Amino acid sequence: MDKLQFTVEGGIAVLTLDNPPVNSLGLELRAAILEGLGRANADSGAGAIVLIGSGAGFSGGADIREFGTPKAVAYPNLRTLIAEVEDNPKAVIAAIGGVCMGGGLELALGCHFRVGVPGARIALPEVKLGLLPGAGGTQRLPRLLGVEAALNLIVSGTTLPAEQLRDTPLFDAFSDGDLRAAALDFARRVISEKLPRKRVRDLTLNMPAAEAFFQFARNSVKAVAGPYPAPLACVEAVAAATEMPFDAGLKRERELFTTLMLSPESAALRHVFQAERAASKIQGVPDDTPLRPIRKVAVIGAGTMGGGTTMSLINAGLPVVLLETQQDALDRGLANIRRNYQGALRKGTLNEASLAQRLALITPTLDYATLRDVGLCIEAVFESMDVKRQVFEQLDAVLQPGAILASNTSALNLDQIANFTRRPQDVIGLHFFSPANVMRLLEVVRGAATAMDVLATAMRLAKTMNKIAVVSAVCDGFIGNRMLARYGAAAHDMIMAGALPHQVDAALQDFGMAMGPFRVGDLAGLDIGWALRKRRAAEFPGKDFSNVADALCEAGRFGQKTSAGWYCYEAGSRNPIADPKVTAIIEQYRRQRGITPREVSPAEIVARCIYALVNEGARIIEDGIAQRASDIDLVYLNGYGFPAYRGGPMFFADQTGLNKIARALQRIAVEPGSDTGAWTPALLLIRLAGQGQTFSAYKGSAQ
Ligand code: NAD
C-alpha cells in the first residue's frame, strides 16, 4: 500500500501514515487508512490497531490542494473515514507525536484512545484559512477538553505543545519515552484489560450557563474578528455541540463549514496560503540547487535599512560584521539598534540576556579587510550610483571568491551595480522594506547575470530570517514600487478631479488598505518625491512631472516631520487632521490648470486606484518581471498594507472579473486629459479577459 505501511507487531496492527512531508490526509492516504483498517479487522492475529505517523508526526491535516476539487469529496472523504474509525470493531489508538493539526487532530479525535509524547504540536488552525474544523473537531474537542478550552483553540487556531494537555482527557496515556513503544504498550493494555472502546461522540457535554457563556464569547469574538466570518462561525459550531445531539451538531458544523468554504474571505486566505508556497519556486532554478554556505554576513551602512537588516540577521542567529565609513555613524547605528530592541524588552518578548547574546553577534568595523571571510554582504548605503560603485568595487577587491554581494537599492539598476564588480553572477538585489526588522516582505532581485545558486541561497536566507521572499527581475521600482507609482498617480488624479486627500484615504481604508496613500505620503515624507520629480524634470525636459505635493512642499509641508503635509498634526501626534489650508492649495492648483472639480464617489476612488495597481501588475507579468500573479499579491499584502481578506490586487481582480476591469480601464484611458498610455489595459489583461480567464490560472509562457 502506497502512503501507508501495515505491520502486525506482537498482536497489534500498526498503520504507519507515510505521506511526506506532513502526512496530509489526501484521498490516497485516506483510502489507504480505510483499507488498512479492513485488513487489521480481518487479521485474527491483531487485537487492536495503532495509527501512527512517519516523519514529521501524526498528520498536518487535510491536503489543501484538494480543496474545491472532486478529490476532496471522493470516497472516503475525511468525515467518512473518521466515522469508520470511530465505529471500527477493534480499538484504534492514535499515537500522537510531531504535528497533529487540523484534519489530523480530527482523525485522532475519532480514534478510541490517544497516546501522546512531549513535543507533539496540537492545533485546529482552520480559522487561519477562514474556515472551521469541518470533520467533527468542533463537536468532539469540547467533549474532551471542555467548551472553553476547546473554543479558545478553535477560534484562535493556536498551536499548543502536547505537554500542556497531558493531564486532560485528550490523552489516555502520555509517555516521555518512545512514542511507538508507548502506543504498543497501551494497545496491549487495551487487549489484556479488555478496555471498552471509547467513542468521543458518546461523551456527554455538560455546560452550565451555556447561553450566557456563548453570548459573551460571541461579543468578544465579534470585537476582534474584523471582516472575517470564520471566528464567529467557530463559536456557533461549538455552541451547537452543547445544544444538540452529536449527529445534529455534526450537521450544523457541516453547514457552517460549507458557508465559510464559499466565502470570499476564505478563498482569499487559501489563495495567500498557496501563494506563499508557490513563491519559493523559481523559474530555471531546480529545487535541489546546491546552496552557498552563509555563516557570517556583512552589512554595509548602519542607517535605517542597514540597522533593520542587521537586526533581522542577528534575530536569526547569524553573526554580522557592520561596516560604516565614520566612527560616529557606526556608533549612531549601533545605538539605534539597541533602542529598537527596547520595545521588545518592555513588552517582555525579549529579555536582557538574549538581547546581549544577539548584540554580541555584531562586529562593528570601519575596515573592509574585516569582511574577508563573510559568505554574504548586504549593502545599504546612500541611494547614489557613485556611492554604490565605490562600495561594490571595494567589496569586489576584498570578498572571498563565491561570496554573495547583495544591494538593498530601491530604484537603481542592479545590473549596472553588478557590473562594477568582476563577478556579476554573484550579485543580487535584496530589497528589504522599512522597518526591515519588522516587515516580512523581501524582494529578491534577479539580475541579468545572477547565478542560480545565488538566488536559491537568497531564498533560503529569507526563510531563515522569517521573511516572505518574492523574486523580481530588474525594472524601475521592481514589483512593489513600480505598481505603487501607478496607484499614487491614480490617487492624485482623484484629487485633481475633485476629491480631497482625506476622502481618498477614507475610501481606500474602507476598502481595507492599512493606510490611505496620502497618510502614507505624510509618514514617508513628501520632500523625497519632490526631489525625485525635480531630478526627473531636469532629465526629461518637456515632460510634465508636476504634482500638488510640489505646492505643499513649496509651502514647507513635508509631512509628519514638519507636522504638516497632506494633513496637519498636533505637536507630538501622528493623528492626521484634514486641513483647510491644504484644500485651498489644491483648489488653487486645480484653478491654475483650468480644472472644474466634480463629485467623486468612494467607489470611483477605489476602482481607479485598485485597477491602476491591477493593470500595472498585468504588465509586470507580461514583461517577465514577476513570475506569477500570486507573487504580486504577496508583495502587496506584505509590503503595502493590502487587506489579506481580499487576497491581493491580482486575486481581487480575478474575483471582480477581468472583463469588467478591462472595460473600465478602456473608458478611463480615453477620458479627456487622461494619461492614455498608462490607463490602456495591458495586453495580458485584455487577452485573459477575452478568454474568460483569471490571473490565478495563467501560467505564462515561461512556466
Ligand atoms: P540611510 O541614509 O538611513 O543610511 C545610509 C547609511 O549608509 C548611512 O549610515 C551612511 O553613513 C552609510 N554610508 C554611506 N556611504 C557609505 C559607504 N561608502 N560605506 C559605508 N557606509 C556608508 O539610508 P537608508 O534609508 O538606510 O537606505 C539605504 C539603502 O536602502 C538605499 O539604497 C535605499 O534606497 C534602500 N532602501 C531604503 C528604504 C527606506 O525605506 N529607507 C527601503 C528599502 C530600500
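The values are calculated or read from the model by the stated rules, or taken from the named source; none is laboratory data. Note that the structure is predicted; figures quoted are calculated from it, not measured. Here Cβ is always computed from backbone atoms with ideal geometry, including for glycine, and neighbour counts include all displayed protein chains. The area values use the complete protein model at the heavy-atom level, side chains included, leaving out ligands, DNA and RNA. Shrake-Rupley method; radii C 1.70, N 1.55, O 1.52, S 1.80 Å.
Using the 1.4 Å probe convention, the accessible area of the chain works out to 43 Å² per residue with neighbouring protein chains retained. Each other residue within a Cβ distance under 14 Å of residue 78 adds +1 if Lys or Arg and -1 if Asp or Glu, for a net charge of -3. Summing +1 for each Lys or Arg and -1 for each Asp or Glu among the other residues whose beta-carbon sits under 15 angstrom from that of residue 245 gives +3. Using θ = phi - 60° in the Karplus curve 6.51 cos²θ - 1.76 cosθ + 1.60, the 3J(HN,Hα) couplings for the range 466-471 round to 6, 9, 9, 9, 10, 7 Hz; x is entered for Gly and Pro. The phi-based Karplus calculation (6.51 cos²θ - 1.76 cosθ + 1.60; θ = phi - 60°) puts the 3J(HN,Hα) values of the range 517-522 at x, 7, 5, 4, x, 5 Hz, whole numbers, x for Gly and Pro.
For the range 336-392 and the range 5-41, write down the distance between their C-alpha centroids in whole Å. Rounded to whole Å, the Cα centres lie 50 Å apart. Measuring between their Cα centroids, the range 525-566 and the range 142-197 lie 63 Å from each other.
Counting Lys and Arg as +1 and Asp and Glu as -1 over every other residue whose Cβ lies under 15 Å from the Cβ of residue 354, the net charge comes to +3. Helix-only arithmetic for the chain: the sum of -39500 (n - 2.57) across DSSP H runs with n ≥ 4, divided by the residue total, places the mean residue ellipticity at 222 nm at -15000 deg cm²/dmol. In terms of packing, defined here as the mean over residues of other Cβ atoms within 10 angstrom, the peptides 203-209, 415-421 line up highest first as 415-421, 203-209. The lysines whose alpha-carbon is closer than 23 Å to the alpha-carbon of residue 222, local same-chain residues fewer than 8 away aside, are 128.
What is the range 297-472 by shape, rounded, prolate or oblate, if you read a ≥ b ≥ c off the alpha carbon gyration tensor as root eigenvalues and call it rounded for a/c under 1.5, prolate for a/b larger than b/c, and oblate otherwise? Because a/c hits 1.5 or more and a/b exceeds b/c, the range 297-472 counts as prolate. The range 657-685 and the range 426-495 have Cα centres separated by 27 Å. Dimensions of the range 4-260 based on its C-alpha atoms, expressed as ranges along the principal axes with the largest first, amount to 54, 39, 32 Å. Given the Cα-Cα distance of residue 359 and residue 212 and 0.36 nm per residue of separation, how much length would full extension add, in nm? Contour length minus the Cα-Cα distance gives 47.9 nm.
Scanning residues 5 or more positions from residue 63 or on other chains, those with amide H under 5 Å from its amide H are 25, 26, with H placed 1.01 Å from N in the peptide plane.
Bridgeable lysines around residue 296 (alpha carbons under 19 Å apart, same-chain partners fewer than 8 residues away excluded): 463, 467. Beta bridges per DSSP, both residues in the chain: antiparallel share near 30 percent.
Scanning residues 5 or more positions from residue 376 or on other chains, those with amide H under 5 Å from its amide H are 296, 298, 404, with H placed 1.01 Å from N in the peptide plane.
Relative contact order of the chain, taken over Cα pairs closer than 8 Å and 6 or more residues apart, is 9 percent. In terms of its Cα atoms, the range 400-481 spans 34, 26, 17 Å along the principal axes, sorted from long to short. Our summary gives the range 412-562 a relative contact order of 15 percent, counting only alpha carbon pairs under 8 angstrom and 6 or more residues apart. Ellipsoid fit via the Cα gyration tensor, the chain: semi-axes of 51, 32, 25 Å, each the root of five times an eigenvalue, largest first. With 18 Å as the limit, the listed pairs 3/71; 660/699; 90/198 have 660/699 beyond it between alpha carbons. A simple packing score, the average count of other Cβ atoms within 10 Å per residue, orders the peptides 294-303, 670-679 as 294-303, 670-679, with the highest score first. For the range 544-703, carbon and sulfur atoms together expose 51% of the accessible surface, with a 1.4 angstrom probe and every protein chain in place. Is the shape of the range 399-439 rounded, prolate or oblate, going by the alpha carbon gyration tensor and its root eigenvalues a ≥ b ≥ c, with a/c under 1.5 for rounded and a/b larger than b/c for prolate? Judged from the Cα gyration tensor, the range 399-439 comes out oblate (a/c at least 1.5, b/c at or above a/b). The phi-based Karplus calculation (6.51 cos²θ - 1.76 cosθ + 1.60; θ = phi - 60°) puts the 3J(HN,Hα) values of the range 525-539 at x, 7, 5, 5, x, 4, 4, 4, 5, 5, 4, 5, 4, 5, 5 Hz, whole numbers, x for Gly and Pro. Would you please classify the overall shape of the range 435-520 from the alpha carbon gyration tensor, given that a ≥ b ≥ c denote the square roots of the eigenvalues, rounded means a/c under 1.5, and beyond that prolate means a/b larger than b/c while oblate covers the rest? Judged from the Cα gyration tensor, the range 435-520 comes out oblate (a/c at least 1.5, b/c at or above a/b).
In straight-distance terms, cross-link reach from residue 543 covers every one of the lysines whose alpha-carbon lies under 17 Å from its own, apart from those fewer than eight places away in the same chain; here that gives 534.
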